[in-house]
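Working notes, structure below.
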Amino acid sequence: MKKVKRIINTILSITIIVGIISSCTKDFLEEEQITALDTDYYTTEAGLDDLITGIYQSLKFHFNYEWSYTTTNYGADEFCVGGDRTMEMWNSYNTNLNSLTDHASVLWDNMYGNINSCNIAIQNIPEYYVTSTTKNTRLGEAYFMRAFDYFKLVKQYGGVPIKLYPSTSVEFEFTRNTAEEVYAQVISDFTQATILLPETPAETGRITKWAAQHFLAKAYLFRASELNNDWNSSFVDNDLNMAIKYADSVINCGYHSLAKDYAELWNFTEVDGPNELLPEIILAAQFSNNTATQGRYGNQIHLYYPSIYQTLPGMTRDISGGREFQRMRSTDYALDVFDRVNDSRFWKSYKTRYLCNNPSGAPVWAAGYAPSAELDSTPRFAGGEDAILYIINNAGDNRYTTENIKYRAPHMFIRYFQGESEDLKGGHGNYEVSRFVALSKFCDGSRDGIKSQFGQRDGILARLAETYMIAAEAYGRLGNYDAALPYINALRDRAAYVDGEDRSTHTDGGAAWANNPVANTAEFVSYSNKNTYFESNNIGTTTASTLSAMHLNSTSDIFNSTKDFYDELGASSDADKFMQFILNERSRELMGELMRWEDLARTKTLVLRATTFNDEANPDANKHYLRPIPQDFLDLVRKDGHVLTASEKQAMQNPGW
Amino acid sequence: MANEDLGWEHTTQWNLGLDFGFFRNRIYGTLDAYTSKTTDLLMVMSILPLTGYTSTWANVGSTGNKGIDLTINTINVKRSDFTWLTSLTLSANKDKIIELASGKEDDISNKWFIGERLNVFYDFDKKGIWQIPDSTEAALYGAEPGDIRVADLNGDTLIDANDDKKIRGYKNPTLTAGLSNTFTYKNWELSFFIYSRFGFTLETGAESLQGRYAQRVVNYWTPNNPTNEYPSPDYNSAAGDAYKSSMNYQSGSFIKLRNVSIGYILPSKVTERMHLKSMKVYGQLMNAGLLYSGCDWIDPDLGGSTFNRSLVFGVNVGF
């Protein structure tokens with residue numbers, strides 16, 4: 001027994017000694033981290049593949065939240081502020097829009113965060129990427145994305161710091177490059193991407209050569225625009241020719257073509273459905289019902305356009321009608337820029353009719369207004385019947401008065417009552433801040449609940465119609481108006497009603513409710529597949545083609561147009577008229593597609609158009625063509641080891657901010 | 001981002017402690033005075049997103065900290081059936097930034113200022129509300145009567161974040177004090193505890209006066225009520241006045257009666273009959289109320305405008 005004890009004691013003391021020895025070495029301080037990845041992962045092919053997959057997330061950023069429209073649709077001519085004024089400073093340009101305003105830094109920070117990822121990829125792929133079949137594609141994707149993000153930055157802020165290498169330590173010394181230098185970098189990177197990227201994508205949504213060429217053409221066009229007139233004179237002619245060259249290359253590539261019917265683009269019937277695979281789409285941020293990748297937001301732009309229907313008697317909010325965040329109220333310009341009789345794009349872009357989905361709440365006939373006396377105090381409409389009609393008529397239409405619409409069963413919203421004169425800034429009819437003709441391109445009936453903000457539709461960043469507009473504008477800027485016509489006509493011809501087409505048909509993404517198990521058992525839905533075309537236009541039923549009315553037979557159709565606001569905009573020369581026509585045609589084709597502010601800023605038509613068409617926008621020509629540089633940047637950046645003085649910050653800030 | 005230059009933080013501290021007792025320890029306590037200097041202070045700092053990241057751990061600079069902790073206990077009365085004990089604790093503390101990694105220069109983005117305390121509020125400085133007689137001057141700033149008038153610190157007729165912001169207050173108190181008194185009379189015991197903090201600022205008070213969300217009742221500007229307190233309501237401006245955050249800084253100083261308790265120990269004759277060792281019946285008022293507050297719509301002790309006040313009754317039984 002004693003012996004055993006001694007042995008145990010010996011073992012114990014040895015153990016203790018060993019323990020002490022091992023703790024004297026440094027090994028135990030070293031830990032091998034196996035649960036988290038670090039940037040060394042990007043020196044492997046799998047890591048670089050994942051890095052590139054990750055940078056695709058940044059395309060979704062542009063649809064994730066309110067910055068989607070504040071920086072692109074507000075403060076211009078197509079929309080003004082609706083019933084929810086949360087982001088009104090981006091439309092009015094009042095003092096709440098400044099260097100501290102949230103979205104100014106959100107956009108900046110996100111672009112640079114992604115640019116850093118691109119820089120890692122561009123640095124590491126040549127060295128570490130092995131598989132030759134995808135090596136160029138990955139590198140091209142990184143070049144494209146870096147160019148895309150710098151392009152976004154230069155469109156919004158003007159010249160920004162160019163950084164082309166990944167940071168490995170905390171750096172503070174940066175200074176702004178000129179817009180000229182940023183455009184040179186954007187064009188160089190997009191050009192690289194056009195060389196490296198494949199013609200057909202390995203998976204839906206991957207960036208192709210054609211996407212790179214489209215944006216390269218667009219970057220050339222932007223550089224040649226008026227905002228850069230201080231320094232771009234030596235580039236303009238070449239840029240415009242390059243814009244045409246690359247636009248033509250995409251148009252003729254054989255891979256992309258215009259959708260036959262404009263409505264197909266917005267006919268979203270299910271997640272990743274046919275409209276998201278149309279050959280017209282050149283690049284789209286890929287959203288889906290995969291909750292693992294939807295992140296914090298999903299595609300939220302379905303929220304921002306609808307006007308309020310749920311508070312009207314007989315209505316309740318449903319999935320097909322969407323949540324009405326009512327941020328963007330259509331301006332009169334947005335309605336009047338269309339030839340609403342012949343241009344089908346208007347009726348395929350806007351929602352004008354809603355059905356009763358809450359019959360128990362339906363309004364009753366007021367005494368004396370019912371079709372017959374015995375119907376007094378009975379419901380004006382039943383479930384599934386017309387409940388709300390928006391009539392888009394013109395001044396001089398004498399059919400409607402505030403009194404006679406009481407004889408109508410649906411809630412009637414009339415643009416111009418009898419005797420009201422035209423006013424491009426509202427103040428007529430009974431439209432209100434929350435009741436306006438709503439753009440319906442982005443409705444999403446696939447969502448998994450009425451309240452869900454997580455939109456599942458792809459976000460279109462480029463489609464072929466815009467490529468046509470780029471080529472047309474470039475030709476016009478070169479003075480070759482005749483050459484521009486076929487491009488414009490390609491879009492206008494498609495926009496015409498075809499022979500036999502039912503013009504009263506409406507389609508929008510709310511229709512996905514029918515394939516959505518959360519919604520398709522509803523007895524009544526607000527979604528209507530009809531519009532108010534014939535009543536609004538006050539014409540008899542017809543199915544004749546409108547091609548001849550839409551087609552431009554010669555440039556005089558542009559220069560002699562009486563419906564393109566030349567007088568309001570003071571356009572008298574052919575060049576001025578052409579540019580205003582192009583901007584109008586862009587509205588007709590691309591209404592609300594998150595690019596308007598950038599087009600008006602680059603053409604320096606922003607102040608004129610916003611003050612002419614937007615009831616609240618009051619931009620300052622000396623200040624508002626560029627966004628404020630975020631204050632955080634100015635406060636953190638250093639020069640020769642020192643933080644900037646107040647006057648140095650002011651000098652680095654854009655003028656007026 | 002991973003910061004490869006990261007090093008250890010170092011602190012040297014001097015402490016002077018004193019325990020004392022007077023009058024046969026009727027008065028006794030401790031006094032601690034300290035001064036410390038920290039170099040290579042480790043903190044998360046904002047960095048330029050151009051690096052791909054927005055923050056990192058860094059050795060941001062050196063700070064000094066000095067203060068005094070004092071505890072005094074007194075036995076004011078000590079009789080056979082009555083005692084009164086008082087205990088006072090006082091802590092005074094002041095930290096300051098001596099130097100930052102970038103040198104003797106302020107780091108505005110992280111709100112670190114040389115010679116100032118580590119946690120500060122930095123914002124525009126509200127002077128009042130633009131009044132109708134000043135409308136010509138207001139217009140120079142793009143303001144209208146009823147808007148908040150902030151100080152144009154550099155006098156360039158432009159309010160901007162580069163040179164019109166200043167330190168508006170400190171987040172941490174300079175002085176914290178607690179005072180407790182305990183009285184016992186025969187089987188009764190009464191005690192209360194008073195707590196206070198001085199010399200700090202609360203970030204509260206900005207109201208958007210926009211008409212959409214619930215808010216406090218405030219004295220707002222109208223042409224007939226030319227107050228300098230709150231700006232005119234404006235439905236059109238969803239965010240409220242552009243400088244509404246300048247209304248945000250209130251004195252946080254307060255004196256609070258945190259706790260009052262009264263107890264009665266049942267005489268042993270009674271407890272014996274109940275076959276118990278001891279029994280105490282007590283009532284306690286928790287979070288009794290503020291005796292003084294620098295800000296009248298918030299409880300600066302708890303930092304909120306809603307709080308619990310509770311009355312607790314209890315019995316302590318020893319078997």
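The values are calculated or read from the model by the stated rules, or taken from the named source; none is laboratory data. None of the values given here were measured: they were computed from a predicted structure. As a convention, Cβ positions derive from the backbone with ideal geometry for all residues, glycine included, and neighbour counts pool all protein chains shown. Calculation scope for accessible area: heavy atoms of the full protein, side chains included, ligands and nucleic acids excluded. Shrake-Rupley method; radii C 1.70, N 1.55, O 1.52, S 1.80 Å.
Just checking, which of A:84, A:102 is facing chain B (nearest Cβ under 9 Å) and open to solvent by 10 Å² or more (accessible area, probe 1.4 Å)? Spell out the reasoning first.
Working: A:102 fails: facing chain B (nearest Cβ under 9 Å).
From the options A:84, A:102, the qualifying one is A:84.
Looking at the stretch A:115-123, is at least one residue without any contact (Cβ under 8 Å) to a residue 12 or more places away in the chain and out of contact with any strand residue (DSSP E or B) (no Cβ under 9 Å at 6 or more places or on another chain)?
Of the stretch A:115-123, the ones without any contact (Cβ under 8 Å) to a residue 12 or more places away in the chain are none.
No, the stretch A:115-123 has no match at all.
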**Study point:** Every residue from the stretch A:527-547 that is open to solvent by 50 Å² or more (accessible area, probe 1.4 Å), hydroxyl-bearing (Ser, Thr, Tyr) and without any contact (Cβ under 8 Å) to a residue 40 or more places away in the chain
**Key:** A:541
Review point. Hey, any hits in the stretch B:290-310 for a residue that's among the hydrophobic types (A, V, I, L, M, F, W, C) and under 16 Å from residue B:262 (Cα atoms)?
Key: no
**Study point:** Test for residue B:32: is it away from chain A (no Cβ under 14 Å) and either out of contact with any helix residue (DSSP H, G or I) (no Cβ under 8 Å at 6 or more places or on another chain) or over 22 Å from residue B:170 (Cα atoms) (or both)
**Key:** yes
Review point. Among (1) surrounded by fewer than 17 Cβ atoms within 10 Å (Cβ to Cβ); (2) part of a strand (DSSP E or B); (3) within 14 Å of chain A (Cβ to nearest Cβ), which single condition is residue B:96 missing?
Key: (3)
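Would it be correct to say that residue A:367 is over 24 Å from residue A:309 (Cα atoms), in the same structural domain as residue A:526 (by TED's automatic domain parsing), open to solvent by 70 Å² or more (accessible area, probe 1.4 Å) and assigned to a loop (DSSP other than H, G, I, E, B)? Let's see the steps before the verdict.
On the way: over 24 Å from residue A:309 (Cα atoms): yes; in the same structural domain as residue A:526 (by TED's automatic domain parsing): yes; open to solvent by 70 Å² or more (accessible area, probe 1.4 Å): yes; assigned to a loop (DSSP other than H, G, I, E, B): yes.
So residue A:367 passes the test.
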Practice item. Considering each of A:285, A:259 in turn, give the residue that is among the hydrophobic types (A, V, I, L, M, F, W, C), surrounded by fewer than 22 Cβ atoms within 10 Å (Cβ to Cβ) and under 24 Å from residue A:530 (Cα atoms). Key: A:259
Exercise for review: List every residue pair whose Cβ atoms lie under 6 Å apart, where the two residues are 6 or more positions apart in sequence or sit on different chains, the first residue falls within the stretch A:91-103 and is within 16 Å of residue A:617 (Cβ to Cβ), and the second residue, located anywhere, is of a type in the set (Val, Ile, Thr).
Suggested key: A:91/A:81
Exercise for review: Go through (1) open to solvent by less than 10 Å² (accessible area, probe 1.4 Å); (2) in a helix (DSSP H, G or I); (3) within 13 Å of another protein chain (Cβ to nearest Cβ) one by one and return the number of the condition residue A:113 breaks.
Suggested key: (1)
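Go over the candidates A:69, A:93 one by one and state the one that is touching a strand residue (DSSP E or B) at 6+ places or on another chain (Cβ under 8 Å) and modelled with pLDDT of 95 or more. Write out each step before concluding.
Details: A:93 fails: touching a strand residue (DSSP E or B) at 6+ places or on another chain (Cβ under 8 Å).
So the residue among A:69, A:93 that is touching a strand residue (DSSP E or B) at 6+ places or on another chain (Cβ under 8 Å) and modelled with pLDDT of 95 or more is A:69.
Limited to the stretch A:36-83, what total is found for residues that are polar (S, T, N, Q) and in a helix (DSSP H, G or I)? Walk me through how you get there before you give the answer.
Quick first cut of the stretch A:36-83, residues polar (S, T, N, Q) only: A:39, A:43-44, A:53, A:57-58, A:64, A:68, A:70-73.
Then keep just the ones that are in a helix (DSSP H, G or I); that gives A:39, A:43, A:53, A:57-58, A:64, A:68, A:70.
Matching residues across the stretch A:36-83 total 8.
For (1) among the β-branched types (Val, Ile, Thr); (2) part of a helix (DSSP H, G or I); (3) in contact with a Pro (Cβ under 6 Å, 6 or more places away or on another chain); (4) outside the structural domain of residue A:276 (by TED's automatic domain parsing), each residue gets a yes or a no:
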{"residue": "A:193", "(1), (2), (3), (4)": "no, yes, no, yes"}
{"residue": "A:205", "(1), (2), (3), (4)": "no, no, no, no"}
{"residue": "A:212", "(1), (2), (3), (4)": "no, yes, no, no"}
{"residue": "A:216", "(1), (2), (3), (4)": "no, yes, no, no"}
{"residue": "A:237", "(1), (2), (3), (4)": "no, yes, no, no"}
{"residue": "A:240", "(1), (2), (3), (4)": "no, yes, no, no"}
{"residue": "A:246", "(1), (2), (3), (4)": "no, yes, no, no"}
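Conditions (1) away from every other protein chain (no Cβ under 14 Å); (2) open to solvent by 20 Å² or more (accessible area, probe 1.4 Å), marked per residue:
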site: A:154; (1), (2): yes, no
site: A:165; (1), (2): no, yes
site: A:171; (1), (2): no, yes
site: A:178; (1), (2): yes, yes
site: A:194; (1), (2): yes, no
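Look through the stretch B:145-177, keep the residues that are β-branched (Val, Ile, Thr) and part of a loop (DSSP other than H, G, I, E, B), and return whichever of them is surrounded by the most Cβ atoms within 10 Å (Cβ to Cβ). Walk me through it before giving the result.
At the first step, the residues of the stretch B:145-177 found to be β-branched (Val, Ile, Thr) are B:148, B:150, B:157, B:159, B:167, B:174, B:176.
Still in the list and also part of a loop (DSSP other than H, G, I, E, B): B:157, B:159, B:174.
Numbers: B:157: 9, B:159: 23, B:174: 17.
Filtering the stretch B:145-177 for residues that are β-branched (Val, Ile, Thr) and part of a loop (DSSP other than H, G, I, E, B), the one surrounded by the most Cβ atoms within 10 Å (Cβ to Cβ) comes out as B:159.
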Review point. So which of A:535, A:473 ends up being in the same structural domain as residue A:264 (by TED's automatic domain parsing) and part of a helix (DSSP H, G or I)?
Key: A:473
Check your understanding: What residue, of A:160, A:182, A:154, is in contact with a Leu (Cβ under 6 Å, 6 or more places away or on another chain) and within 22 Å of residue A:657 (Cα to Cα)?
Key -> A:160
Practice item. Go over the candidates A:338, A:346, A:287 one by one and state the one that is over 30 Å from residue A:580 (Cα atoms) and of a type outside the set (A, V, I, L, M). Key: A:287
Check your understanding: Cβ-Cβ below 6 Å, separation at least six or inter-chain, first residue in the stretch A:600-623 and aromatic (Phe, Trp, Tyr), second in a loop (DSSP other than H, G, I, E, B): which pairs?
Key -> A:613/A:77; A:613/A:331; A:613/A:424
Check your understanding: How about the stretch A:412-425: which of its residues are open to solvent by 20 Å² or more (accessible area, probe 1.4 Å) and within 34 Å of the chain's Cα centre (by Cα)?
Key -> A:421, A:422, A:423, A:424, A:425
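Looking at the stretch A:569-578, is at least one residue surrounded by fewer than 19 Cβ atoms within 10 Å (Cβ to Cβ) and among the polar types (S, T, N, Q)? Steps first, answer last, please.
First pass over the stretch A:569-578, keeping only residues surrounded by fewer than 19 Cβ atoms within 10 Å (Cβ to Cβ): A:570, A:572-576.
After this cut, where a residue has to be among the polar types (S, T, N, Q) as well, the list is A:572-573.
Yes, that holds for at least one residue.
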Review point. Counting only residues that are polar (S, T, N, Q) and either open to solvent by less than 10 Å² (accessible area, probe 1.4 Å) or in contact with a strand residue (DSSP E or B) (Cβ under 6 Å, 6 or more places away or on another chain) (or both), how many does the stretch A:436-452 have?
Key: 1
Point to revise | Single residue of the stretch B:35-68 satisfying the filter (in contact with a helix residue (DSSP H, G or I) (Cβ under 6 Å, 6 or more places away or on another chain) and not in a loop (DSSP other than H, G, I, E, B)) that is surrounded by the most Cβ atoms within 10 Å (Cβ to Cβ) | key: B:50
Check your understanding: In the stretch A:228-255, what residues are under 28 Å from residue A:349 (Cβ atoms) and either open to solvent by 70 Å² or more (accessible area, probe 1.4 Å) or out of contact with any Phe, Trp or Tyr (no Cβ under 6 Å at 6 or more places or on another chain) (or both)?
Key -> A:244, A:246, A:247, A:248, A:251, A:252, A:255
Point to revise | Qualifying positions in the stretch B:198-219 - open to solvent by 70 Å² or more (accessible area, probe 1.4 Å), in contact (Cβ under 8 Å) with a residue 24 or more places away in the chain and either assigned to a loop (DSSP other than H, G, I, E, B) or over 28 Å from residue B:174 (Cβ atoms) (or both) | key: B:211, B:212
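Please work out if residue B:71 is open to solvent by less than 50 Å² (accessible area, probe 1.4 Å), out of contact with any Cys (no Cβ under 6 Å at 6 or more places or on another chain) and within 14 Å of chain A (Cβ to nearest Cβ).
Values: open to solvent by less than 50 Å² (accessible area, probe 1.4 Å): yes; out of contact with any Cys (no Cβ under 6 Å at 6 or more places or on another chain): yes; within 14 Å of chain A (Cβ to nearest Cβ): no.
For residue B:71, the condition - open to solvent by less than 50 Å² (accessible area, probe 1.4 Å), out of contact with any Cys (no Cβ under 6 Å at 6 or more places or on another chain) and within 14 Å of chain A (Cβ to nearest Cβ) - is not met.
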Review point. Can you name the number of the only condition in (1) over 22 Å from residue A:220 (Cα atoms); (2) free of Cβ contacts under 8 Å to residues at least 40 places away in the same chain; (3) open to solvent by less than 30 Å² (accessible area, probe 1.4 Å) that residue A:150 fails?
Key: (1)
